[in-house]
Amino acid sequence: MPWCPKCKTEYREGFRVCADCGGELVDEEQFREMEEKQLSAGAAQACLAEALAYAAELETQPENLEEDTEPEGHEAECDSEQDGNLEQQKKPEKSRQSGSGGSLYQDSLERANENRSSAWVLLAMGGMGILVIVFGILGIIPLRFSNPYLFYGVMAAVFLLFLVAGAVSMKNARFFDKKAESENSLRSTMLAWCRENLRAQTLNEEIDMDGSESEEALYFRRFECIKAKLNYQFVNLDQGFLEKFIDDCVYDMVFEQKEESL
């Protein structure tokens, strides 16, 4: 039975032209093939649109990370690593609570490495997938499907999504690399200032120790005292970065060596 490919109308045998649009009629087999091509093209367009939207979302991720920087005074969670040795076990774990629940701080170098690793995986998967599709179309790799147009269209869009996401992740990695350089410079400046200006005896006198505090309470009071001094000396600090810096470097440098000497 003949069909009109535009109006999707079936005609009786003997008709050659559509009465509604004037288009030429095709047989049923040609009509089904045209329908499948349109479906595969629509699916590919939908996947491509999803890929572009996902890429745009990833593109704005670094800017959103800068806009979400916590204001001064906000208590963010900091990373307290335990390597199992006795010196780390002597230091009590700092209580980490914030109004919004907080999250472990991750510095820019770690984010850069994670984005770079993800980028290489996505680019490799996308590139290999595109090669397989090309070899399949050329007949180098024997692939047989009931609807090859739909398969190749959808899979090409999926692997294109991998390539776009990989490119954006690589761009984010370069962004975080530059931010890590700035963080390292700031960390060195702050560490030099702490070596010159922070003394265990002076800090203990400021927090008015009476000898009855628990180890955890003592650690917390010392921590907050150091944090207040650094916030005063270096304005507009990211509080997650600051707390991780104190916990990883400053506290041990100021107090642990003093306690060992005693």
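The values are calculated or read from the model by the stated rules, or taken from the named source; none is laboratory data. Being a predicted model, the structure only gives us computed values, none of them experimental. Don't worry about glycine lacking a Cβ; one is built from the backbone with ideal geometry, like all the others, and counts go over all protein chains shown. All accessible areas refer to the heavy atoms of the entire protein, side chains included, with ligands and DNA or RNA removed. Shrake-Rupley method; radii C 1.70, N 1.55, O 1.52, S 1.80 Å.
Quick look at the values:
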{"quantity": "Subset of the range 215-233 (residues that are polar (S, T, N, Q) and either touching a His at 6+ places or on another chain (Cβ under 8 Å) or in contact (Cβ under 8 Å) with a residue 60 or more places away in the chain (or both))", "calculated": "N231"}
{"quantity": "Criterion violated by N236 - all others in (1) open to solvent by 70 Å² or more (accessible area, probe 1.4 Å); (2) in contact (Cβ under 8 Å) with a residue 60 or more places away in the chain; (3) outside any loop (DSSP other than H, G, I, E, B) satisfied", "calculated": "(3)"}
{"quantity": "Pairs with Cβ under 7 Å, 6+ apart, first in the range 190-203 and farther than 11 Å from R222 by Cβ, second of a type in the set (S, T, N, Q) and open to solvent by 40 Å² or more (accessible area, probe 1.4 Å)", "calculated": "W193/Q233"}
{"quantity": "Residues of the range 128-176 satisfying the condition of being open to solvent by less than 60 Å² (accessible area, probe 1.4 Å) and free of Cβ contacts under 8 Å to residues at least 40 places away in the same chain", "calculated": "G129, I130, I133, G136, G139, I141, L143, P148, M155, F159"}
{"quantity": "Condition met for Q106 (exposed (fewer than 12 other Cβ atoms within 10 Å of the Cβ), polar (S, T, N, Q) and at pLDDT below 85)", "calculated": "no"}
{"quantity": "Given (1) under 33 Å from the mean Cα position of the chain (by Cα); (2) not in a helix (DSSP H, G or I), number of the condition D208 does not satisfy", "calculated": "(1)"}
{"quantity": "Condition check for N204: open to solvent by 70 Å² or more (accessible area, probe 1.4 Å) and within 22 Å of L242 (Cβ to Cβ)", "calculated": "no"}
{"quantity": "Index of the failed condition, S188 passing every other in (1) more than 30 Å from N231 (Cβ to Cβ); (2) surrounded by fewer than 18 Cβ atoms within 10 Å (Cβ to Cβ)", "calculated": "(1)"}
